[in-house]
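> First the structure, then my questions, so here it is.
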Amino acid sequence: MNHFINELIGYRTALYSTDFLLTWDHSEGDIRAVLAVAACLKELHRQGKSCRVFDTGLAISIFRDNSTRTRFSFASAANALGLGLSELDEVKSQVAHGETVRETANMISFLAEVIGIRDDMYLGEGNTFMREVGAAAEEGHAQGVLHQRPSVINLQCDIDHPTQTLADLMHLKAHFGSLESLRGRKIAMTWAYSPSYGKPLSVPQGIIGVMTRFGMDVSLAYPEGYELIPEVVERARDQARMSGGSLTVSNSMDEAFAAADIVYPKSWAPFHVMQKRTGLLHKGDRPGLAELERECLAENAHHQSWECDEKKMASTNGGKALYMHCLPADISGVSCVHGEVAASVFERYRIATYRQAGYKPFVIAALMFLTRMAEPVKTLDTLIQRSISRALQER
Amino acid sequence: MNHFINELIGYRTALYSTDFLLTWDHSEGDIRAVLAVAACLKELHRQGKSCRVFDTGLAISIFRDNSTRTRFSFASAANALGLGLSELDEVKSQVAHGETVRETANMISFLAEVIGIRDDMYLGEGNTFMREVGAAAEEGHAQGVLHQRPSVINLQCDIDHPTQTLADLMHLKAHFGSLESLRGRKIAMTWAYSPSYGKPLSVPQGIIGVMTRFGMDVSLAYPEGYELIPEVVERARDQARMSGGSLTVSNSMDEAFAAADIVYPKSWAPFHVMQKRTGLLHKGDRPGLAELERECLAENAHHQSWECDEKKMASTNGGKALYMHCLPADISGVSCVHGEVAASVFERYRIATYRQAGYKPFVIAALMFLTRMAEPVKTLDTLIQRSISRALQER
Amino acid sequence: MNHFINELIGYRTALYSTDFLLTWDHSEGDIRAVLAVAACLKELHRQGKSCRVFDTGLAISIFRDNSTRTRFSFASAANALGLGLSELDEVKSQVAHGETVRETANMISFLAEVIGIRDDMYLGEGNTFMREVGAAAEEGHAQGVLHQRPSVINLQCDIDHPTQTLADLMHLKAHFGSLESLRGRKIAMTWAYSPSYGKPLSVPQGIIGVMTRFGMDVSLAYPEGYELIPEVVERARDQARMSGGSLTVSNSMDEAFAAADIVYPKSWAPFHVMQKRTGLLHKGDRPGLAELERECLAENAHHQSWECDEKKMASTNGGKALYMHCLPADISGVSCVHGEVAASVFERYRIATYRQAGYKPFVIAALMFLTRMAEPVKTLDTLIQRSISRALQER
């Protein structure tokens, strides 16, 4: 296990006592450190060893959207490190009754180590909310209200989905052998047809935001009108230039798939629709929202050919591109009539998508670990040397 | 405490790394091992000692029906062994939104030790769902998705309710002194009138499925038409023959109660009604369901005499049969006008029914222990020798 | 930390194995012991030390009203001491389906250490419910159903809100230096206007019920008709006499504020309205309830001048009274048009109200500690001497 320690020393991570909201706000060393710690915790778990670094303490989660996998990943990560979980359920709680964010942020944080937030419904809102919570915790700590300043971890916002995309990056690292071997590989991040509406932009944005940093040729494709947030695309373009990779944007799924090493076909709602939707939601304009959904689904229906089918897969590098999805996928003939991916393609990569998802609990645990441990190298070393079994019989 | 260890050695249990879904799928040695471990954990708890065998790890629960006592029993068992609890709430989660069972089973299991499921609403569905979850976890583990294969524990399905009936068996063992002393005793498992509709068959089926294995004379009685699943009754009949006991089926509550040592009067819906109901539910036929409920309640109303009253109790062995119920009971004049049991009878056995319920957390803990510990004898011995107090002051 | 131990020795607390429902049911020594233990646990937490005294065990919470801060305070306290949390959600559970309180109380208590209850909606109900739960647990323990008798902790009822008012008392102790220095200080507990209706009486009643025991001059003021429960006011008057303080009741906010050292302006519903409301609720009289709400809001509207504004604050001792609120406050121009407090006043004391709230998790932890630890002095000493860090890196 010593190579994890040596890796971590090299990255000189500066995540202690910070929030983790957007991957591009953190150095490449920090990203690599997250992956190294996540891999180390995963290996400890595989060996039946305990990853417990907290005797007591709370991990708070705020979910403003439904979620199975991220909810369980967060719960799993908290438990693995020894934290108790407390969910702020906004229906049960009084947040909906006019409390201000900064007040609530302090009220839930007296014994908190981390606050995980998922807030991806409204463009321009989720990330802002996370920053407000972080700022409130910061003020509370500075003013002596809080003994410690909990770290805010983005579990998906309107801009990025870092715990997903870092799990995706770990999956690619494992699949291709190293981060270095990703250099020059082509990844197709494409829109795909779905009979549903209003899926967040955070996954495609997060993918182009992280993969462009590792020298990959990122090919973003979507039907005309399905743009992402322009600033995020600009940022990705800059990163690609700096890393020696590239970012290509087109309106052709075929172009994106051609000779790709990795394909990530996934539905999302157009940026301008999401903007309009947020406005209507603020006004409480229900007829307007219904009309927007109707229009948007009608527009979607023109693009049913944006399906990841066998023909498109055959055009990838050796016909064997790695198919990725953050799950759940809309599978044609399985979960819907026409969807994002053909059933035969999905079934071939089904186990691979499960494996992809399996990195997420450890990525979240690594983010908790690195934002909370003042001396992560020393602590990780202690954890490895201690080597306590999770179950009594092996002690 | 050593006799627990000696007992356990004798049973040569093979529960490690299995699911526990139906009592009759497991050997008598396994059943006895569950009771021995449960009794040992209960005694440790009574003495203020810790039963903690896990440093970290998750117990996942999936409740597809309301539940207070089983929910708290599961939470208590998990906590006692050191596991964190994560509930898959199907309203909050995305299971209802088209995810397949096998995908969800993997997504919730990355750090899980056990998955407890309650799914008793639809005949032919609950047990099937549990087997699908188990199979998906099996595949996930075989394919390297999961580091370990969590055990599925049946917290009540359409066929059996093993954590209830094993708690019931412990209660009888404690009441009569030993499992051996149950031999030749008569237990009346009877239908009883309730103003409600659609109660599951799992308790009566589970009771005849387990009590026939210990040489008891099981007398099953219900009004004409209130049959149980035929295969379960056949299985119980075979078991009675092999154990030297008997299974009698009649349509007379008086016959069943006559000279009984134990009575278990409880309402359930007829097998054929539950079958019809499942069909209507699949079709989403709401008027059909309402009509079925109306018919069924009208039919129920003909059988208000199926009440466990003082007269019937007087006909039992010495007038002192042990009254049992899985709770909550429909008590005439208390929780309803006419119900399963007369108020005076229930009040006399009220504390006994609480004591009966009190075995359940330890039965569930024993199932977690035996399905997860590779060397249960050694681990239980370590736990006893370690003898850590639950609270600091006694350390 | 030794002064906490010496303090605690002096108070000869008798809280072990009791419930904590009303502050005035417990001796001044017990109240002081709660504050001493809470301060000690808070200091341990501030230093990054573990307060864990339980290896395993459950803290059960029953919330019959929405709550963010009390819910999180209870969860935090349980976690800090090493207890797992299990919430009895009355929607999910079967309590609403006719189970009797005494049955449920036993069913949830098999492995419970404490039961925290919030039930403040109906006058004459909440405290009664808590006593019923306590009595049921008492019976269960006496009858051998429960290995141990869990302690019931009042998290707000119709009569008192002890975890709030003891946190308030800690806040005052910290602000003024000692409990002794509160002697002779004037505290104005006043009604304040709010556009909402039906707020519980527990905070004003709890405040006059505790502050009169420490020699303070308590000035209670409300518009005519907004009386509190008469018995509670009588009790407070007796206590004031015995402690050398005073209780003044008036219908003038200005009188109460004049030269006050502390002001606690907060809305509540009149006693007689709450009585009428409970009756209507029992009858399920929806039109009657709607009419009562309409009347009550109309009556409230006559008292918009009962706002804690800059002018009133200027009339306090040196213009610098400590403003207190249990949060969330109705802030004029922020959370409503006209409310309990002017925005500028609230903003000046905002951080102070957060600090006030910050004592609550530790007060609850202290109540858990003192009602569960047979030898609290010895256990607290062990905890201090042990001095384990919460996080691994500092071990």
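The values are calculated or read from the model by the stated rules, or taken from the named source; none is laboratory data. A quick note: this is a predicted structure, and the numbers were derived from the prediction, not measured. Please note: Cβ atoms are built from the backbone with ideal geometry, for glycine as well, and neighbour counts cover all protein chains shown. Calculation scope for accessible area: heavy atoms of the full protein, side chains included, ligands and nucleic acids excluded. Shrake-Rupley method; radii C 1.70, N 1.55, O 1.52, S 1.80 Å.
> Sequence-distant or interchain residues sharing an amide H contact under 5 Å with C:SER389, placed H: which?
Counting only residues 5 or more places away or on other chains, the set is C:SER50.
> To the nearest Å, what is the center-to-center distance of the stretch C:220-298 and the stretch C:153-171, using C-alpha atoms only?
Each part's Cα centre sits 17 Å from the other's.
> Next question, about the same structure. Rounded to the nearest 5, what % of the DSSP beta bridges within chain A are antiparallel ones?
The antiparallel proportion sits near 5 percent.
> Right, another one. Leaving out ligands and nucleic acids, and using a 1.4 Å probe, what accessible area per residue does the stretch C:1-53 come to in Å²?
Each residue of the stretch C:1-53 exposes 38 Å² on average to a 1.4 Å probe.
> While we're looking at this one, here's another question. What accessible area, summed over both chains, is buried at the B-A interface (1.4 Å probe, Å², nearest 100)?
For B against A, buried area totals roughly 3600 Å².
> For peptide C:104-117, how many partner chain Cβ atoms fall within 10 Å of a residue's Cβ, on average?
The mean count of partner-chain Cβ atoms within 10 Å per residue comes to 5.
> Oh, and also: For every helix of n ≥ 4 consecutive DSSP H residues, a contribution of -39,500 (n - 2.57) applies; sum these over the protein assembly as shown, divide by its total residues, and give [θ] at 222 nm rounded to the nearest 500 deg cm²/dmol.
My calculation for the protein assembly as shown gives -14500 deg cm²/dmol from helical runs alone.
> Using DSSP to define loop residues, name the chymotrypsin sites (Phe, Trp or Tyr not before Pro) in the stretch A:1-90 whose beta-carbon has at most 15 other beta-carbon atoms within 10 Å.
In loop regions of the stretch A:1-90 (DSSP not H, G, I, E or B), the sparsely surrounded chymotrypsin sites (Phe, Trp or Tyr not before Pro) are A:TYR16.
> What does the copy distance list look like for C:HIS338, label position 7 Å along Cα→Cβ, in nm and ordered from shortest?
For C:HIS338, the inter-copy label distances come out at 6.0, 6.0 nm.
> Here's a follow-up. Kirkwood hydrodynamic radius of the stretch B:220-322 from all distinct Cα pairs, in Å?
Final number for the Kirkwood radius of the stretch B:220-322 is 15.7 Å.
> State the Kirkwood hydrodynamic radius of the stretch A:135-185 in Å, one decimal place, computed from all pairs of distinct Cα atoms.
13.8
> Mind checking the mean number of beta-carbon atoms from other chains within 10 Å of the Cβ atoms in A:329-336?
Average neighbour count from other chains, rounded to a whole number: 2.
> On a 1.4 Å probe surface of the protein chains, which of B:HIS303, B:HIS272 comes out largest in accessible area, and what is the full order?
So the residues, ranked largest to smallest area, are B:HIS272, B:HIS303.
> In whole angstrom, and with the biggest value first, how far do the Cα coordinates of the stretch B:311-395 range along each principal axis?
Extents along the principal axes, in whole Å: 51, 30, 24.
> With a bin width of 10 angstrom, please list the P(r) values of the stretch C:243-395 as percents of all Cα-Cα pairs, from the 0 bin to the one holding the largest distance.
9, 24, 24, 22, 15, 6, 0
> Any idea what % of Cα-Cα pairs in the stretch C:1-64 are farther than 18 Å?
In whole percent, the long-distance tail amounts to 51.
> Continuing with the same structure: In the stretch C:302-387, which chymotrypsin sites (Phe, Trp or Tyr not before Pro) fall in coil by DSSP and have 10 or fewer other Cβ atoms within 10 Å?
Within the stretch C:302-387, no chymotrypsin sites (Phe, Trp or Tyr not before Pro) qualify (loop, at most 10 other Cβ atoms within 10 Å).
> Compute the FRET efficiency between B:GLU293 and C:ASN317 as 1/(1 + (r/R0)^6), taking r as their Cβ-Cβ distance and R0 = 45 Å, and round to the nearest 0.05.
0.10
> For peptide B:354-364, what's the mean number of Cβ atoms from other chains within 10 Å of each residue's Cβ?
The per-residue average across the peptide is 4.
> Now, a different point. Label C:GLN304 and A:SER181 with points 7 Å out from Cα along Cα→Cβ: what is the distance between them in nm?
About 7.3 nm separates the two model spin labels.
> Please express the Cα-Cα pair-distance distribution P(r) of the stretch B:132-251 as a list of whole percents, one per 5 Å bin, running from 0 to the bin with the greatest distance.
Calculated P(r), rounded to whole percents: 2, 11, 17, 19, 16, 12, 9, 7, 5, 2, 0.
> Assuming 0.36 nm per residue, please report the length gained on full extension of the stretch B:ALA14 to B:GLU375 beyond their Cα-Cα distance.
128.9 nm
> Bin width 10 Å, alpha-carbon pairs only: give the P(r) of the stretch B:180-278 as whole percents, running from 0 to the bin holding the largest distance.
Final binned percentages: 17, 51, 27, 5, 0.
> For chain C, which whole percent of the accessible surface, found with a 1.4 angstrom probe, sits on carbon and sulfur atoms?
Heavy-atom surface of chain C belonging to carbon and sulfur, 1.4 Å probe: 50 percent.
> Now, a different point. Quick one: if you take sqrt(5λ) for each eigenvalue of the C-alpha gyration tensor of the stretch B:104-194, what semi-axes come out, biggest first, whole angstrom?
They are 34, 18, 9 Å, listed largest first.
> In the stretch C:182-320, how many lysine pairs have Cα atoms under 15 Å apart, counting only pairs 8 or more places apart or on different chains?
7
> Work through the residues other than B:SER315 whose Cβ is under 13 Å from its Cβ and net out their charges, Lys, Arg +1 and Asp, Glu -1.
Local charge sum for B:SER315: -1.
> What is the diffusion coefficient of the stretch B:279-353 in µm²/s, taking the Kirkwood radius over Cα pairs and the Stokes-Einstein relation at 10 °C with a viscosity of 1.306 mPa s?
110
> With the alpha-carbon atoms as the only input, what is the per residue convex hull volume for chain C in Å³?
146
> Can you give the % of DSSP beta bridges in the protein assembly as shown that are antiparallel, to the nearest 5?
Within the protein assembly as shown, antiparallel bridges account for around 5 percent of the total.
> In terms of the Cα gyration tensor, with a ≥ b ≥ c the square roots of its eigenvalues, is the stretch B:22-152 rounded because a/c is under 1.5, prolate because a/b exceeds b/c, or oblate?
prolate
> What is the projected area of the convex hull of the Cα atoms of the protein assembly as shown, averaged over all directions, in nm²?
Mean orientational projected area (the protein assembly as shown, Cα hull): 45.3 nm².
> Using θ = phi - 60° and the Karplus relation 6.51 cos²θ - 1.76 cosθ + 1.60, list the HN-Hα couplings for the stretch C:350-367 in order, rounded to whole Hz, with x at every Gly or Pro.
3J(HN,Hα) across the stretch C:350-367, in whole Hz: 3, 4, 5, 5, 5, 5, 3, 5, x, 7, 4, x, 7, 5, 5, 4, 5, 5.
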